[in-house]
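A short write-up of the structure that comes next.
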Amino acid sequence: MKKIVLTGGGTAGHVTPNLALIPHLKERGFEIEYIGSYEGIEKKLIEDTGLSYHGVATGKFRRYFDPKNFSDPFRVVKGYSEARKLLKEIKPDVVFSKGGFVSVPVVRAASSLKIPCIIHESDLTPGLANKLCIPVAKKVCCNFPETLKYLPEEKAVLTGSPIREELRKGDKDAAYKLTGFKDSKPVLMVMGGSQGSAAINEAVREALPGLLPDFQVIHLTGRDKMDNLLIGKEGYKQFEYVKGELKDLFSITDIVVSRAGANAISELLSLRIPALLIPLSAKNSRGDQILNADSFEKQGYSMVLQEENLDAEALTEAVHELFFTKQTFIENMEGSPQYRSIEIIMELIEEVCNEER
């Protein structure tokens with residue numbers, strides 16, 4: 001039986017593409033094990049699938065000063081030793097990494113044992129963790145055409161991001177029951193990322209008087225970010241977080257307001273749902289969401305509203321424009337080459353497994 005080790009973590013975005021691959025790996029007869037951090041978000045997500053999960057030490061590589069910069073390198077070295085020991089025991093044919101800092105010791109350890117690695121970069125420009133892994137990777141998968149120029153030509157493959165098949169199988173009746181909505185008015189979903197966005201939450205709530213006459217609004221607020229004063233408001237339904245229900249909510253959604261995290265927008269592309277993207281400001285990030293959003297805008301998949309320009313009036317105007325032009329965005333997305341992501345990645349994994357080591 002072929003064996004594969006999956007790795008990646010730190011945020012949900014570094015785990016969900018691995019979750020999307022798992023059913024397809026099982027269908028092809030792979031024995032699957034996962035290496036992540038001791039207590040990262042990936043631990044709970046993977047353990048829920050029933051896979052064998054192994055934790056290793058990890059440290060964050062920061063571009064800014066932090067006292068932990070002095071201790072974290074030692075954690076990475078420890079994680080490397082732990083990963084190497086695990087990989088010797090598991091003896092996988094291949095490692096597939098979705099990135100995040102936990103992936104660095106795993107991929108580097110795999111390379112030292114001559115185990116081939118395939119890594120996936122979701123953002124338009126490679127993050128620091130993946131930059132440290134690219135030199136020893138067999139293949140590097142990416143989401144955006146623009147990313148190819150940042151990668152070694154002989155390793156780079158434009159795949160798009162693996163999307164969970166379950167997201168295509170939503171139940172509209174379940175969604176209407178969950179929200180209390182009717183099918184007589186279009187549905188706008190607002191997503192602020194896995195942690196939620198205070199800026200988007202505030203703008204949406206202020207914009208409700210201009211949105212609710214024309215839309216029913218599903219608002220994924222993030223943990224502890226619901227507004228109790230708006231609970232029960234007609235046409236507006238808040239959720240801190242949804243998991244299994246997301247596929248049902250997507251099934252009744254006409255348009256979306258979203259952050260521009262790579263996996264979130266890849267899901268919207270796969271589901272052909274037009275979006276207004278509000279990327280995380282460069283003041284609070286390395287600017288990857290801005291680049292992601294720009295790419296989707298240029299490809300005709302989404303509209304973009306920069307966070308610096310976000311207020312209730314601008315949001316209301318942009319949402320209405322998106323809705324009335326949504327068919328153009330849908331047609332553009334239907335021509336996207338990034339639709340066969342799982343098929344292409346599975347072909348790469350099989351190809352690497354069949355090569356002589």
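Pairing each residue of segment 302-319 that is assigned by TED's automatic domain parsing to the domain that holds PRO274 and closer than 15 Å to ALA198 by Cα with any residue that is modelled with pLDDT under 95 and surrounded by fewer than 19 Cβ atoms within 10 Å (Cβ to Cβ), provided the two are 6+ apart or on different chains, yields C-beta distances under 8 Å for GLN306/SER281; GLU307/ALA199; GLU307/SER281; GLU308/SER281; LEU310/ALA199. Looking at the structure I just gave you, is ILE200 within 22 Å of LYS326 (Cβ to Cβ) and of a type outside the set (Lys, Arg)? So ILE200 fits the description; yes. Collect the residues in segment 297-314 that are in contact with a strand residue (DSSP E or B) (Cβ under 7 Å, 6 or more places away or on another chain) and in a helix (DSSP H, G or I), keeping them in residue-number order. Across segment 297-314, the qualifying residue is only GLU297. Might you let me know whether segment 110-120 holds any residue that is over 29 Å from LEU291 (Cβ atoms) and of a type in the set (Lys, Arg)? Yes: one or more hits.
Kindly evaluate ILE163 against the criterion of being touching a strand residue (DSSP E or B) at 6+ places or on another chain (Cβ under 8 Å) and among the β-branched types (Val, Ile, Thr). Answer is no for this residue.
With respect to the conditions (1) surrounded by fewer than 18 Cβ atoms within 10 Å (Cβ to Cβ); (2) more than 20 Å from GLU267 (Cβ to Cβ), LEU158 falls short on a single one, namely (2). Of everything in segment 204-226 that is over 26 Å from the mean Cα position of the chain (by Cα) and in contact (Cβ under 8 Å) with a residue 12 or more places away in the chain, the residue that is nearest to PRO186 (Cα to Cα) is PHE215.
Out of the residues in segment 310-331 that are among the polar types (S, T, N, Q) and within 25 Å of the chain's Cα centre (by Cα), state the one that is surrounded by the fewest Cβ atoms within 10 Å (Cβ to Cβ).
GLN327
Whether a residue is in contact (Cβ under 8 Å) with a residue 60 or more places away in the chain and buried (at least 17 other Cβ atoms within 10 Å of the Cβ) was assessed, and ILE345 passes this test. Condition first: of a type in the set (D, E, K, R) and more than 27 Å from ARG272 (Cβ to Cβ). Now tell me which residues in segment 131-167 satisfy that. Passing the criteria: LYS131, LYS138, LYS139, LYS149, GLU153, GLU154, LYS155.
Beta carbons closer than 8 Å, at least 6 apart along the sequence or on distinct chains, pair a first residue in segment 127-153 that is closer than 18 Å to GLU343 by Cβ with a second that is of a type in the set (Asp, Glu) for VAL140/GLU121; CYS141/GLU121; CYS142/GLU121; ASN143/GLU121; ASN143/ASP123. Please verify whether segment 109-116 includes one or more residues that are buried (at least 24 other Cβ atoms within 10 Å of the Cβ), outside the structural domain of LEU291 (by TED's automatic domain parsing), within 20 Å of SER161 (Cα to Cα) and among the hydrophobic types (A, V, I, L, M, F, W, C). Checking segment 109-116: not a single residue is buried (at least 24 other Cβ atoms within 10 Å of the Cβ), outside the structural domain of LEU291 (by TED's automatic domain parsing), within 20 Å of SER161 (Cα to Cα) and among the hydrophobic types (A, V, I, L, M, F, W, C).
If you take the residues of segment 275-284 that are under 25 Å from GLU321 (Cβ atoms) and of a type outside the set (A, V, I, L, M), which of them is modelled with the lowest pLDDT?
Across segment 275-284, the extreme among qualifying residues is SER281.
Residues that are under 27 Å from THR49 (Cβ atoms) and in a helix (DSSP H, G or I) within segment 208-254 comprise LEU246, LYS247, ASP248, LEU249, PHE250, SER251, listed in sequence order.
Per-residue answers, yes or no, for (1) on the phi > 0 side of the Ramachandran plot; (2) at pLDDT 95 or above; (3) assigned to a helix (DSSP H, G or I):
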position	(1), (2), (3)
VAL257	no, yes, no
ILE273	no, yes, no
ARG286	no, no, no
SER295	no, no, yes
THR316	no, yes, yes
VAL319	no, yes, yes
PHE329	no, yes, yes
MET333	no, no, yes
VAL352	no, no, yes
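May I ask you to verify whether ARG259 is under 22 Å from GLY13 (Cα atoms) and surrounded by fewer than 16 Cβ atoms within 10 Å (Cβ to Cβ)? In short, no.
Quick one: would you say ALA207 is farther than 19 Å from PHE323 by Cα, buried (at least 20 other Cβ atoms within 10 Å of the Cβ) and assigned by TED's automatic domain parsing to the domain that holds LEU277? Can you show your working first?
Working: farther than 19 Å from PHE323 by Cα: no; buried (at least 20 other Cβ atoms within 10 Å of the Cβ): yes; assigned by TED's automatic domain parsing to the domain that holds LEU277: yes.
No, not satisfied.
Return the residues of segment 8-62 that are part of a strand (DSSP E or B) and under 21 Å from CYS353 (Cβ atoms); say none if nothing qualifies. Those that are part of a strand (DSSP E or B) and under 21 Å from CYS353 (Cβ atoms): GLU31, ILE32, GLU33, TYR34, ILE35, SER52, HIS54. Of all residues in segment 79-124, those satisfying the criterion of being in contact with a Gly (Cβ under 9 Å, 6 or more places away or on another chain) and without any contact (Cβ under 8 Å) to a residue 60 or more places away in the chain are GLY79, GLU82, VAL104, PRO105, ALA109, ILE119, GLU121.
The values are calculated or read from the model by the stated rules, or taken from the named source; none is laboratory data. Small disclaimer: the values here were computed from a predicted structure and weren't measured. All Cβ positions, even for glycine, are placed from backbone atoms using ideal geometry, and neighbour counts span all protein chains on display.
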